[in-house]
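Read-outs: derived from the displayed coordinates by stated rules, not from any lab. All of these numbers come straight from a predicted model, not from anything done at the bench. Neighbour counts are summed over all protein chains in view; Cβ atoms, including those assigned to glycine, are modelled from backbone coordinates with ideal geometry.
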Amino acid sequence: MQLGMIGLGRMGGNMAARLKKAGHTVIGYDRDPKVSDTESLADLVGKLEAPRAIWVMVPAGKITAGVIDELGSLLSAGDVVIDGGNSKWLDDAKHAEQLAANGIEFVDCGVSGGVWGQQYGYGLMAGGDAKNVERLMPIFDALRPEGPREEGFVHAGGVGAGHYAKMVHNGIEYGLMQAYAEGFELLEASSVTTDNVPKIFKAWTRGTVVRSWLLDLMVRALESDDDLSEIKGYADDSGEGRWTVEQAIENAVPMPVISAALFARFSSRQPDSPAMKAVAALRNQFGGHAILPESGG
């Protein structure tokens, strides 16, 4: 099958390579001319045979919206656009309606697998009309891991369902990572285990109930930096965790673990937490507990 790929970075580039290895024809466009097969989106569209299929793999938000705007004026009725970025599911309905005005189909697809997806396959969560999803199954089958389709791919529902499923997936990911991180900190802080933390994590990778691919990656990180001293304790969030918590509030679903994991990322951005300054001040006021002076003050 022929596919246009817009965005050839760490995800899009690796996905294109996996598709090519599976025998598909991929023509790519990227702002970096060193990796791009085409000079522009118009050039990309011109090199694809109708009906066209184009996968958009660029940062969510304004950049994705801009690409879809331009594609809406370049594509023809019967073509299909797949948004595989981490777009908010609410944007999908807008994009689908916008493209439908010109007879262009739309599918949203959450993609998980990171930089390892090229080798092991990607977890895919698609949203859209069944006929469009079925049309794209040769692409989805080439990208997903080998094995039963239902263990690496799901048609989650109508437009927006794919990105909604990916949003919840990433919220769960926040909680899992935070649990491993807190366990690491406790093991490092204890004089009982501090010298064996990497060995403990590695031992957990076989036979235990906490084994997972994320744990395997934690072990990999510790093998190159056994106390993570070379890494700054700062963790960004790309939006999906926030949206997951917003949806928990909207649907009255208790979500203490994912919420706490999200707020923990916010605390990582504070070299000296104002809230903890207030706690220290209150402890001093009511109990005379010592206050540490501000360094460099």
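Pairs spanning more than 29 Å between alpha-carbon atoms, out of LYS232/LYS277; LYS20/LYS199; LYS34/LYS62; LYS34/LYS166; LYS20/LYS131: LYS20/LYS199; LYS34/LYS166. Here region 2-158 is described by how far its Cα atoms reach on the three principal axes: 39, 37, 27 Å, from widest to narrowest.
Taken along its three principal axes, the alpha carbon spread of region 184-254 comes to 45, 31, 22 Å, from the longest extent down to the shortest. Working note: Cα gyration tensor of the chain, eigenvalues times five, square-rooted, sorted largest first, giving semi-axes of 42, 23, 19 Å. A simple packing score, the average count of other Cβ atoms within 10 Å per residue, orders the peptides 177-188, 199-210, 221-232 as 177-188, 199-210, 221-232, with the highest score first. Listed peptides 37-44, 67-74 appear in the order 67-74, 37-44 once ranked by packing, highest mean of other Cβ atoms within 10 Å at the front.
Given R0 = 35 Å, the distance between the Cβ atoms of ASP226 and HIS169 translates into a calculated FRET efficiency of 0.70.
Normalised size of region 123-186, defined as Cα radius of gyration per 2.2 N^0.38 Å with N residues, equals 1.41. Taking Cα pairs under 8 Å and at least six residues apart, what relative contact order does the chain come out at, in percent? Reported as a whole number, the value is 12 percent. The packing ranking, built from the mean of other Cβ atoms within 10 Å per residue, places the peptides 121-128, 163-170, 191-198 in the order 121-128, 163-170, 191-198, highest first.
Our summary gives region 2-158 a relative contact order of 19 percent, counting only alpha carbon pairs under 8 angstrom and 6 or more residues apart. Separation of region 1-64 from region 102-133 is 14 Å, based on Cα centroids.
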